[in-house]
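Read-outs throughout are calculated quantities, based only on the coordinates presented, and are distinct from any laboratory measurement. Fair warning: this is a prediction, and the values are worked out from it, not measured in the lab. Here Cβ is always computed from backbone atoms with ideal geometry, including for glycine, and neighbour counts include all displayed protein chains.
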Amino acid sequence: MITLALAQMMYFFALQAKFTGGEDGIQGVPRGRLFGLFDLSHEMTMYVFVLVVFLAAFILIYRIINSPFGEVLKAIRENEQRTISLGYKTERYKLLAFVLSATLAGLAGAMNSLVFQLASLTDVHWTMSGDVLLMTLLGGLGTVFGPVVGAFIVVAMQNYLAPFGQWVLVIQGVIFVVCVLLFRRGIVGELARLARVQL
């Protein structure tokens, strides 16, 4: 609830601040040239740039998860008191996790603004947090590839269900409920469990 309240506060701040453009947002964001060499105004160049940034961020996340730092974060998630008893300063680890999360979210927002050449208020609305949560739960909470798969599914639904108009949210809700009931661990989590059972 605190997270949603803070998100709503940021939304109203972005709505009132002059440098955000208010309801119009920041329009006509220039793509420019990367390192003075690559013209990002070309669609294929922009696609490759975003793909490289995504892969670099994904590899970074994967490396962090499988590092000693990531193991401590997993321990904090499972049992914070036990982690404290082992001598770890959990507040510092949680702060670093929030900083990394904010950095990656900022990178994603920058990529979004470059691709669409627009930074709108919908990007700071609390429903965006709901979309990210939906993607994570749909793909598989606690998995590396789960949020990626969930993002593909949610974005595909938003694009392909657009002709249904206002029914899009209802259809998405039904699909989400079915996935929660049938795939408790998310799609990737269930596939990983089935693969372990087969072995």
Estimated inter-spin distance, VAL168 and HIS42, nm [label 7 Å along Cα→Cβ]: 3.2 nm
Derived scalar couplings ³J(HN,Hα) [the stretch 85-92; Karplus, 6.51 cos²θ - 1.76 cosθ + 1.60; whole Hz; x for Gly, Pro]: 5, 7, x, 8, 8, 5, 4, 5
Choice from MET128, MET44, MET111 showing the highest fluctuation, given a GNM over the chain with Cα pairs closer than 10 Å: MET44
Estimated FRET transfer efficiency (VAL177, THR103; beta-carbon r; R0 35 Å; 0.05): 0.55
Length released on extending from TYR88 to PHE13, taking residue separation times 0.36 nm less the Cα-Cα span: 23.3 nm
Per-pair calculated FRET efficiency, R0 = 41 Å: GLU23 and ILE64 via Cβ, rounded to 0.05: 0.65
DSSP-assigned coil residues among chymotrypsin sites (Phe, Trp or Tyr not before Pro) in the stretch 1-59, each with at most 10 further Cβ atoms within 10 Å: PHE19, PHE35
Other-chain or far-sequence residues with amide H under 5 Å of LEU118's (modelled H): VAL29
